Structure formats: C-alpha cells, structure tokens
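For reference, the structure discussed in these notes is given below.
Every read-out reported here was derived from the displayed coordinates using simple, explicitly stated rules and does not represent laboratory data. Every value quoted in this text rests on a predicted model; they were computed, and no experiment measured them. Counting neighbours? That spans all protein chains shown, and the Cβs are built from the backbone with ideal geometry, glycine included.
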Ligand code: PLP
C-alpha cells in the first residue's frame, strides 16, 4: 500500500510548531510515542473522521471519550444550534443547568448534588479540595497509572499521557504538594490498608478510576472497590470515583452501577458535554453543601454550566437514556473490535491481550516492553484508514455509529495490518 498523502497536515504542523508548544494543545496529539505525522482533522461524521488531506479514518478515539454517539450526531448538533441561537453564555444561571443536574442526579443516585465545571481536570481538582475541606485532612491516596487530569496534587504517577512521554511526573509540581499524595498500585488492597494503617487519620480521600482506563484498560479485581469503600468508611475518608471516562460509557449509572458501590464524590466529564468542554463533580449532600456559596470551600468557573455545552450534553444523555439496549449495542461493537484484533494477531503468530466493557476497550501486545509492535501496528492501521489512540497506554472507544459495516471494515484492516506486522517482525 502506498503511503497516505498528508501534505496539508505536515504543513499545518510546521505552522503550529511556530506558535503552539510542540504544535499541539494536548501532548499525546503530537504522536511523540508512535512517530510519524499527526493528522489535522477537518470533519467528522458518525464513526468516520476526515483529515485536511481528505483521508478518511474510522475513529476509535472519539475525541478521547465524549463522542459516544459518533461525530456530529444530528440530535446533538440540532440542540447545539438551537442553544447557540439563544446566546452563547450568560454568566448567570440558565434552565439547561438545572435540567442537566436533574438528569445526572437521577441517573447516578449517589450524586445528590452536582456542580458543573469546564473540564475533568477541574472536577477532580475541586473534588480533592472539597474532600480536604470536608475532612480537615491533608493527604490523598491515588493509584499509580490512574490519571485524574493535570492539577498538581494529582499529577503524581499518573497514567497514559505521562507514561507515553516516559516521564515520572511533571516538573513544576513542588515537593510539598506531591508529598501529600500517597500512591499505591491499582488493585492492591493490601497496599491501601498499609497506607491507612500508617496515615489513616490524615487521609482526606481515596481517588480512583473504578475501571482504570489510562494505562490501557484494567478492570478492578472483585474485592478492590468494595475494599476501598470499607476502608473509607472505617477511617471516615471520602471515596472519590473518577468516572470522567467510565461515566455514561460503561453504563447509564457509570461503573458504580456495574459494581454496586456508592462513591461519596463522583467526577464526570467527556460524555456529559457531548463533545464540548465540560466536567462535573457531585455526591453526598452533606459534602457538596460545603461548597461556596453554601459553605467554606471555594470553587467557581466563568463558563461553568455553559448553555451550549449543557444542550449538547443533555441531548447526548437523552439519546443514551431513551435508546433501548444501547449499552448492549456498544458492548457488541467493542467485543467485535477486540475479537477481530486478537483473531488477526493470532492468525499471524502475534500474541495480543484485550479487554472490553460496553463502550470501552483496550488491547496490548504481549512481550512488547518498548511498545515497538504497538507503534508499528498503529502506523499500519493509520495507513489502512483506522485511527487508534496514538499511545499504547490509552483506551479505545466505540460509539453507536460503529455499526456492522464499520466493524467489518476494521476487521479487514486488522487482518492486513497484523499480516504486515508479522512480515516486518520476521
Ligand atoms: N479523569 C480521567 C479518568 C480522565 O481520563 C481525564 C482525561 O482524560 C481527566 C480526568 C481529565 O479530564 P479533562 O481532560 O477534561 O481535563
């Protein structure tokens, strides 16, 4: 197969590098780990994205999770247009914020009150401040390889973006901040117990991705989430579920519905904005009532609860809520993708592990410590018109637009790419 022409993307990257650090507004977009030329995109429709050179790709990134209905879903676009025509922002309460909060608290009952933000990073950062304000304690406990956005106290051993760049944390996070963040391995309840035995009375919160989706995809061990709930109850610490990825992606009630665990605070993002910038955090009333203007924990946002974002998010959530068997459909799609990858790999003597749950999937090459196989596979798939996350550590996302034809096209590409990979490895 001849190389895809990406001249316009290359030219744009040159221009971008002159005025944007590394040419990108979020590091993983730079393709640093996988090499090659990042594509600049112009248009998306359903499961497909079109770059500025008119190349078409099946998209398994979905803007890193928000696009569970695919690109430019008609109901979402209509809602955005209608809202935009009424004005883009008021900096004052508007009805859509109330509707959004009612919808979220209805679908995720552990969230008795919810506050909107403009990003997932803000949501987790504020959840931590709130937990500290509520408990009067300093420390938090997180898990290595979980990512909770890029606020200082959470940027300690934090998953995909950092793993992709091969750095341990971030310069600029000062020691006194990092020191307050305890980090233990995911799924290691004994390590959590040890930390609590040592520091329990000073731990404000445990923050966890209930399904870890920022170091590929790691499912929680059966005893893990109930164990965290019990430890938080024992020590009066706050259990924070970061469902920025899993919220509305694995179930309408998020991972906490699947595992029947109530978090004290839940963080959301991505899907609830329908593709526009968003975040939210909510939970037990007595905790959320600590927030200004009711209580002493300050938190605010110029564009929080933005009416256009709310419209996109509400339209998305309503489609999810009103379409029968939608999560079964998503599960079918993610199963097909991972099954076609593992089968094609096996046919070509390559070992692949995979996992999926509803709209979320992950796959990893066995015996690929430097991710060289992944990187080659990524480039081959790109050449064959399939856009995977440009990092071995990222999750994959399917949408309701990934129908039988799209999945069949993906399976053919996977067969060809694993065959080419086998030849390259031979
Ligand atoms: N939490 C999780 C689990 C995430 O995956 C992300 C982003 O990918 C965030 C928080 C941060 O969200 P945002 O990028 O909207 O700031």
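Which residue, 226, 21, 210, has the most motion in a Gaussian network model of the chain that connects Cα atoms within less than 10 Å? Highest fluctuation of the listed residues: 21. Specify whether the C-alpha gyration tensor of the range 1-152 places it in the rounded, prolate or oblate class, a ≥ b ≥ c being the square roots of the eigenvalues: rounded for a/c under 1.5, otherwise prolate if a/b is larger than b/c and oblate if not. The shape class here is oblate.
With angles folded into 0 to 90 degrees, how steeply does helix 189-199 sit against the dominant principal axis of the chain? Use alpha carbons for both and round to 10. Value to nearest ten degrees: 40. Listed from fewest to most Cβ neighbours within 10 Å, the set 363, 196 follows the order 196, 363.
Among rounded, prolate and oblate, which fits the range 298-426 when a ≥ b ≥ c are the square roots of the eigenvalues of its C-alpha gyration tensor, a/c under 1.5 means rounded, and a/b larger than b/c means prolate?
Working: a/c = 2.68, a/b = 1.80, b/c = 1.48.
Cα axes put the range 298-426 in the prolate bin.
Between residue 176 and residue 105, 0.36 nm times their residue separation minus their Cα-Cα distance comes to what? Gain on stretching residue 176 to residue 105: 22.0 nm. The angle between the Cα long axis of helix 74-85 and the main principal axis of the chain comes to about 60°, on a 0 to 90 degree scale.
Among 255, 83, 171, which one shows the biggest mean-square fluctuation in a GNM of the chain, springs joining Cα atoms closer than 10 Å? Checking each option, the largest mean-square fluctuation is seen for 171.
Using only the Cα atoms of the range 206-331, build the gyration tensor, take square roots of its eigenvalues as a ≥ b ≥ c, and label the shape rounded, prolate or oblate: rounded if a/c is under 1.5, else prolate if a/b is larger than b/c, else oblate. Cα axes put the range 206-331 in the oblate bin. Going by neighbour counts of Cβ atoms within 10 Å, the residues 224, 281 line up, fewest first, as 224, 281. Could you identify which residue out of 239, 103, 294 has the top mean-square fluctuation in a GNM of the chain using Cα springs shorter than 10 Å? Judging by the Gaussian network model, the answer is 294.
In what order do 41, 248 fall by count of nearby beta-carbon atoms within 10 Å, going from fewest to most?
On the way: 41 17, 248 28.
Fewest to most other Cβ atoms nearby, the residues stand as 41, 248.
How much length, in nm to one decimal, is gained on full extension between residue 88 and residue 5, taken as 0.36 nm per residue of separation minus their Cα-Cα distance?
Details: separation 83, 0.36 × 83 = 29.88 nm, distance 3.78 nm.
Contour length minus Cα-Cα distance gives 26.1 nm.
The angle separating the long axis of helix 120-135 from the principal Cα axis of greatest extent in the chain is about 20 degrees.
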